[in-house]
Amino acid sequence: MSEAFHTIIMGLRDFLKDYFDGFWDSYETPKMMVVKNKTLGVIYRAVQFLVITYFTWYVFISQKAYQESETHPESSVYTCMKGTAIHGDDILDTVEYARPSEGGDVISTLLRREYTYDQKQGTCAEHFEVANANCTTDADCVQGEADLEGNGRRTGRCIQYYNHTFKTCEIQTWCPIEAFAVVQEPPLVEAINFTVFIRNSIHFPKFKVLRVNAKYASKGHKKHKYLKKCHYHEEKDPYCPNFRLGYIANQARENFSELCRTGGVIGVFINWDCNLDLDPSHCKPTYSFRRLDLRKDLGNTGYYYRFAKYYSNDGVESRTLVKAYGIRLDVIVHGQAGKFSTVPTIISLVTAMTSVGICTIICDWIMLTFIDRNEVYSERKFDEVIKEPTETIQTEVSFISSYGSNHSDLSDGVPL
Amino acid sequence: MSEAFHTIIMGLRDFLKDYFDGFWDSYETPKMMVVKNKTLGVIYRAVQFLVITYFTWYVFISQKAYQESETHPESSVYTCMKGTAIHGDDILDTVEYARPSEGGDVISTLLRREYTYDQKQGTCAEHFEVANANCTTDADCVQGEADLEGNGRRTGRCIQYYNHTFKTCEIQTWCPIEAFAVVQEPPLVEAINFTVFIRNSIHFPKFKVLRVNAKYASKGHKKHKYLKKCHYHEEKDPYCPNFRLGYIANQARENFSELCRTGGVIGVFINWDCNLDLDPSHCKPTYSFRRLDLRKDLGNTGYYYRFAKYYSNDGVESRTLVKAYGIRLDVIVHGQAGKFSTVPTIISLVTAMTSVGICTIICDWIMLTFIDRNEVYSERKFDEVIKEPTETIQTEVSFISSYGSNHSDLSDGVPL
Amino acid sequence: MSEAFHTIIMGLRDFLKDYFDGFWDSYETPKMMVVKNKTLGVIYRAVQFLVITYFTWYVFISQKAYQESETHPESSVYTCMKGTAIHGDDILDTVEYARPSEGGDVISTLLRREYTYDQKQGTCAEHFEVANANCTTDADCVQGEADLEGNGRRTGRCIQYYNHTFKTCEIQTWCPIEAFAVVQEPPLVEAINFTVFIRNSIHFPKFKVLRVNAKYASKGHKKHKYLKKCHYHEEKDPYCPNFRLGYIANQARENFSELCRTGGVIGVFINWDCNLDLDPSHCKPTYSFRRLDLRKDLGNTGYYYRFAKYYSNDGVESRTLVKAYGIRLDVIVHGQAGKFSTVPTIISLVTAMTSVGICTIICDWIMLTFIDRNEVYSERKFDEVIKEPTETIQTEVSFISSYGSNHSDLSDGVPL
């Protein structure tokens, strides 16, 4: 019993010994055939050169495949409008024209207002351009109908259109209707000199990098006053995010007086393109401006909104309806950061090396198809083995004979 | 001296000549063993077929691995609510129920209001449901305590709960408290027919592609009026972003009258899925709607907020507190674009080709383990070399003998 | 004719038969050389071990390369401020200090107000600190000039600075100017106990996963009341998003009373890091807080905005200008989800396997350069073929002779 056990132990020891001997002793490397042929050599090196150049220049230098990247940083925007304008007899300052006052990433300047004064709840004539609003008798007006484009719900009567001679359907609404009673204000063209301060801080959570677009210049300016007085300039003042509205309109290729008339939404795009392998000073924000509402040729452009001021006189409620046209600035932050990282580097390097292997596939195909007409190379490259049914006659002879045999029925030639 | 110099130069020239001759002349290609065995051949081709099919179909066609992609486009949203409703004796239009009026990516419609009229600063009884608010004597009320859930700070006295018989702690607050004096308004169920116009323009900065979700139909409509009158329809009017509130509630599987009662936040998801290799007309926005506040079974759902109107009568300030329930629409834009690019294509192609190499590993393992029982193949595949200690007797004989030797102690069989 | 046709058909059949026979019958595998050398074996296995360890541990376990990931989920935020404070003789509740009332992802609390009462349109003296505002005669003041930092447009006159003895230029503006007539209010330090409820629901569209950061505890609490009473605690109450303002300031390492004085923008970062291969309970939001406005040492920090209340007395319009300092909370949601997916797994696996091939390159280089001094291995590894110009004498002799020839001018030694 103890002897049998001893035998098993010894056998196991031998097995493990053999296994680890084989494991640590032997090294496997593919056998190569070296073809001494000038044509093939030049093709091989040329293909190799192309592949290596492609990877070095395009993938590594241009596409920065060795970097881990992060897009869409966390972003916080604070905006503040500045400037005063004389409009008629009035002085307007920020409080009057900037909305909303809280200063988030969307800020609008009111440039033109259309007032409809003293509207009261009641019934009056629908605007004549609304579909089916023109009428001659009450029968033309369906009671209770409310056109989506219209101003209210029809009462079913056909009445005179204000102080005109024709008639339209009567509606229940705030009277008089806006389209009829509107009073236009001249646009606030002086707003071209208003400035908007846009403070933007971003954070790349993966890289733990924080950046702010406003800095004090290191020049002789009084620090405290620099950011209050400066204007953005791409080279001279890249960290001064004060923009004149006129500058913004100009950069967006829009006519400011046209914008005053129709209003418009302009995107302020802040782009952070940070290569964190370089000095932080290379991670500078760039700004671009583009109009975001519909294209001009389509008619329905512009930006406006309505609000009302309510009054109460002796229990009767009235309101002044304001349709305000303005420039809305949407601050849209876009950024990306790249930093050297081992995982993408290794994946790219291994891909590059493997791609060099493509050279062998191409050159093998050229060699076997065009150069190796009398199958000298293919005989040497491909060692054909036909398994013998008998197990013992596997001798030196069969080895040499199979080696010397023709390798003629190779179907595809190129090993995948 | 000049002769020695000449010799060195000649030697260097020869060395460089040899080096470049070797570099340009020789081409290395792995030697292959071709096994003529039907079983192995079928397995090999089957595995190859599977791998190639997988890459062709799944990676290239389904996952579009040949494309560079960009997600999260820059987005700008403009919303505008439309519609009029008769509510009791009043007419309501946009100005009254849409908040905020500026039309950003969050817009809410007020559907129901709860008024607490004529609140004044002072002291009054705390609501009886607030923790520890019920009392019998002043000793039950701790002066200065302010419950998070309560309405104000306790004065330390125990007083009668308005015109009821029981007592609660007195608090300093705006009196009377909201919970007691609230007046409910009927909900604005007519809002089901209000429409919201959602204009969204996106920009993929990497691809420099700009898209807008609102276009004029090419049909016979008057261009100017089309966007004012149309309603969204997935197939007929995909570029008309006018949505009825009833349609939105329906798509979000919510009951509109229930929403009127509790309010709610509904996400309007605009999804842009753009394959830029195809015609731009394939890059159409799709819309989905989902309720975003807590689930119904949890009780605390809904959307409401409070605001107040302040009055001043003879120096005494009073306010009307409004608790407004409504539907808040959060427009959330989501997009991705893909375009053919060489870098991902090459990485995927090389991966695919390398993966085909897995076939060899699998088939080698099958061959060496199951088929090659008498080691015919392994002898030919693996050429074992045992380095001779003496350096000169490396002859033809030793070469052939080592070639013919058994390759029996190969530990793992499959080369990595 | 029919015979010729028959011949062609037969030829085609034979060709296809041969092709498919070759295709299905043969299996190609690279020939390997097994070197029995302890040094090489140990180096080979050590390099293999390093590469495999690197991929297993770093790429697969640490970087989760087997997962498909999605960042930047769709997010919707609802915020609600709570708390009452006694400020002087007044009671303040949410309605008075929280702006905007609608509860989006940006919410601010007003902590201190500076009032400039009873401003009217007119002319008055410019502030003495504005550039070039000090004057002695009218000639010092340029009519029509408007300094960006100043309060209005100069009339061209030089007048007494309010009830002081010196003079400054007269400007047309709302008078008196803010800097002169401002009345400061004590800050609302009690706001340290206000709470803000931040409900955030996110959606990963690729994985169709929806998560909400507010849940009812499964403990004995009354469900309805839990979310109203709880405070956030990382471990005890991770799903209770109620934060005290004091807690937020503390986490952002800011002094609350300092914040009350200057105002400030604090980012509330909600981070969702979801491994969807695990149980949903692992996908818990974490919160971090960081101040977002400029750094303290730069002076110009803080958050404030201005608004005005307008009054009309006997046709003369006046306003009370309010400069409000406060804490603005920007809720910034950041998330990523990962889930097992075959494409990245296969790409990583294939990369890993190919990387193991680097071992062969390294070991080949070591073998051929350092170990194989008498070219035993290189002779066996590299089978040099020099193509004979005559096509027929390719015999066993030439084969053996070329095999036995020295492989001495191998230029680079390491095959790529």
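Values as computed for the structure displayed
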{"item": "Meets criteria (farther than 30 Å from A:Gly88 by Cβ, of a type in the set (A, V, I, L, M, F, W, C) and surrounded by fewer than 19 Cβ atoms within 10 Å (Cβ to Cβ)) for C:Ile91", "result": "no"}
{"item": "Residues being surrounded by fewer than 20 Cβ atoms within 10 Å (Cβ to Cβ) and within 12 Å of chain A (Cβ to nearest Cβ) - total across region C:334-348", "result": "2"}
{"item": "Qualifying residue in region C:106-118 (condition: open to solvent by 40 Å² or more (accessible area, probe 1.4 Å), more than 19 Å from A:Glu102 (Cα to Cα) and touching a residue at least 24 places away in the same chain (Cβ under 8 Å))", "result": "yes"}
{"item": "Residue within region C:145-164 that is assigned to a strand (DSSP E or B), of a type in the set (A, V, I, L, M, F, W, C) and either under 30 Å from C:Cys240 (Cβ atoms) or modelled with pLDDT under 90 (or both) present", "result": "no"}
{"item": "Test: A:Tyr27 is crowded, with 17+ Cβ neighbours inside 10 Å, aromatic (Phe, Trp, Tyr) and touching a residue at least 40 places away in the same chain (Cβ under 8 Å)", "result": "no"}
{"item": "Among residues of region B:315-326, those that are in contact with a Gly (Cβ under 6 Å, 6 or more places away or on another chain) and open to solvent by less than 20 Å² (accessible area, probe 1.4 Å), counted", "result": "1"}
{"item": "Residues that are open to solvent by 20 Å² or more (accessible area, probe 1.4 Å), in a loop (DSSP other than H, G, I, E, B) and either at pLDDT 85 or above or facing chain A (nearest Cβ under 10 Å) (or both), drawn from region B:182-218", "result": "B:Val182, B:Glu185, B:Pro186, B:Pro187, B:Pro205, B:Lys206, B:Phe207, B:Lys208, B:Lys215, B:Tyr216"}
{"item": "Any hit, region B:168-184, residues being within 42 Å of the chain's Cα centre (by Cα) and over 23 Å from C:Leu227 (Cβ atoms)", "result": "yes"}
{"item": "Sole residue being of a type in the set (Gly, Ala, Ser), under 23 Å from the mean Cα position of the chain (by Cα) and open to solvent by 10 Å² or more (accessible area, probe 1.4 Å), chosen from C:Ser288, C:Ser312", "result": "C:Ser288"}
{"item": "Count - residues of region C:358-386 that are modelled with pLDDT of 75 or more, at the interface with chain A (Cβ under 10 Å from one of its Cβ atoms), surrounded by fewer than 17 Cβ atoms within 10 Å (Cβ to Cβ) and farther than 20 Å from A:Val350 by Cβ", "result": "0"}
{"item": "Test: A:Gln67 is within 48 Å of the chain's Cα centre (by Cα), open to solvent by 50 Å² or more (accessible area, probe 1.4 Å) and within 30 Å of A:Ile332 (Cα to Cα)", "result": "no"}
{"item": "Enumeration of residues in region B:34-52 that are buried (at least 18 other Cβ atoms within 10 Å of the Cβ), not β-branched (Val, Ile, Thr) and not in a helix (DSSP H, G or I)", "result": "B:Asn37"}
{"item": "Unique residue being modelled with pLDDT under 90, over 22 Å from the mean Cα position of the chain (by Cα) and not aliphatic (A, V, I, L, M) when the list is A:His282, A:His221, A:His233", "result": "A:His221"}
{"item": "Residue, most open to solvent (accessible area, probe 1.4 Å), within region A:138-173, restricted to residues that are away from chain B (no Cβ under 14 Å) and among the charged types (D, E, K, R)", "result": "A:Arg157"}
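The values are calculated or read from the model by the stated rules, or taken from the named source; none is laboratory data. Values in this document were obtained by computation on a predicted structure and should not be read as measured data. Cβ: placed from backbone, ideal geometry, glycine included. Neighbour counts: every protein chain shown. Just so you know, the surface numbers come from the protein's heavy atoms only, side chains and all, with ligands and any DNA or RNA stripped out. Shrake-Rupley method; radii C 1.70, N 1.55, O 1.52, S 1.80 Å.
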